[in-house]
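Below: one structure, written as structure tokens.
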């Protein structure tokens, strides 16, 4: 249930086009739906501006099908994260309208809001090994109705690649920096721009990279101001944070 749908229901009731009984029937899923295995927060878009997303890891294909159907019915769109190929195939057999991206591991249903040209987010990733997390962030932002500019493979091992994109970085309202190894990309970007930077450490790296802990610590102690950091591999969380910044700065209704 989104604000526009609630407003339309109220308008129809006020105009005598819809009975209060029928309106209540359409609103009956608020604020949650208990599916037994999952309790869906169908009120979240009214409160926060974006519908609940489903963490697909650990859920069966049958559970995902039921969850996505209910979310789509309530919001006219639905998003599931961290869905592997085999599970996605089974979901798509039951829901042919579902779209799956094997890089980001996102499953989506329904249409996304039209993205305005301004403001936009840059999602920069240090290397192609970071692409799954970067694409999770980029595609989540697009699902939420935002324009995304991607900078791929611009890590500090070849820093001239990043310097070539400074104009695009400085035109962004918010930047998501995705990096593993030593995580230096986030500090570097933070020193080049005035926009807020969201660092996403990834679990990419050898030995003492320790599954992303080194990149996480490096981003947390960044000497660049205006840098925030989310958890390791959390492209989805970075995208929702960026969306909150964008909506606050652009006047996009929640």
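The values are calculated or read from the model by the stated rules, or taken from the named source; none is laboratory data. Only a predicted model underlies this, so the values are computations on that prediction, with no experimental measurement involved. Note that we place each Cβ from the backbone using ideal geometry, even for glycine, and neighbour counts take in every protein chain shown.
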- Message: Here is a list: 154, 148, 159, 166. Which entry is in the same structural domain as residue 226 (by TED's automatic domain parsing) and under 16 Å from the mean Cα position of the chain (by Cα)?
- Response: 148
- Message: Every residue in region 128-147 that is touching a strand residue (DSSP E or B) at 6+ places or on another chain (Cβ under 8 Å) and within 23 Å of residue 203 (Cα to Cα), please.
- Response: 128, 130, 131, 133, 134, 135, 136, 137, 138, 139, 140, 141
- Any idea which residue in region 49-63 is modelled with the lowest pLDDT, counting only those that are surrounded by 15 or more Cβ atoms within 10 Å (Cβ to Cβ) and closer than 22 Å to residue 239 by Cα? 49
- Top-ranked residue in region 110-130 [being in a strand (DSSP E or B) and touching a residue at least 40 places away in the same chain (Cβ under 8 Å); ranked as farthest from residue 182 (Cα to Cα)]: 120
- Of everything in region 154-165 that's assigned to a loop (DSSP other than H, G, I, E, B) and in contact (Cβ under 8 Å) with a residue 12 or more places away in the chain, which residue is surrounded by the fewest Cβ atoms within 10 Å (Cβ to Cβ)? 159
- Note on the structure: Of 107, 141, 151, the only residue that is within 26 Å of residue 190 (Cβ to Cβ) and in a strand (DSSP E or B) is 151
- Quick check: is even one residue across region 68-75 part of a helix (DSSP H, G or I), in contact (Cβ under 8 Å) with a residue 60 or more places away in the chain, under 22 Å from residue 247 (Cβ atoms) and not assigned by TED's automatic domain parsing to the domain that holds residue 170? yes
- Would you call residue 137 more than 14 Å from the chain's Cα centre (by Cα), in the same structural domain as residue 193 (by TED's automatic domain parsing), closer than 19 Å to residue 232 by Cα and buried (at least 18 other Cβ atoms within 10 Å of the Cβ)? no
- Only residues that are modelled with pLDDT of 95 or more and surrounded by fewer than 19 Cβ atoms within 10 Å (Cβ to Cβ): list them for region 100-120, please. 100, 101, 102, 103
- Is at least one residue of region 81-98 in contact (Cβ under 8 Å) with a residue 60 or more places away in the chain and not assigned by TED's automatic domain parsing to the domain that holds residue 139? yes
- Boolean, residue 210 is touching a strand residue (DSSP E or B) at 6+ places or on another chain (Cβ under 6 Å), over 22 Å from residue 53 (Cα atoms) and surrounded by fewer than 24 Cβ atoms within 10 Å (Cβ to Cβ): no
- Query: Can you find even one residue in region 36-47 that is within 25 Å of residue 96 (Cβ to Cβ), in contact with a strand residue (DSSP E or B) (Cβ under 7 Å, 6 or more places away or on another chain), surrounded by fewer than 16 Cβ atoms within 10 Å (Cβ to Cβ) and at pLDDT 75 or above?
  - Reply: no
- Query: Can you tell which of 194, 222 is more than 20 Å from the chain's Cα centre (by Cα), farther than 30 Å from residue 111 by Cα, surrounded by 19 or more Cβ atoms within 10 Å (Cβ to Cβ) and without any contact (Cβ under 8 Å) to a residue 60 or more places away in the chain?
  - Reply: 222
- Task: Go through region 166-229 and tell me which helices (runs of 4 or more DSSP H), entirely inside it, have 3 or more residues that are closer than 19 Å to residue 130 by Cα.
- Result: 184-190, 213-220
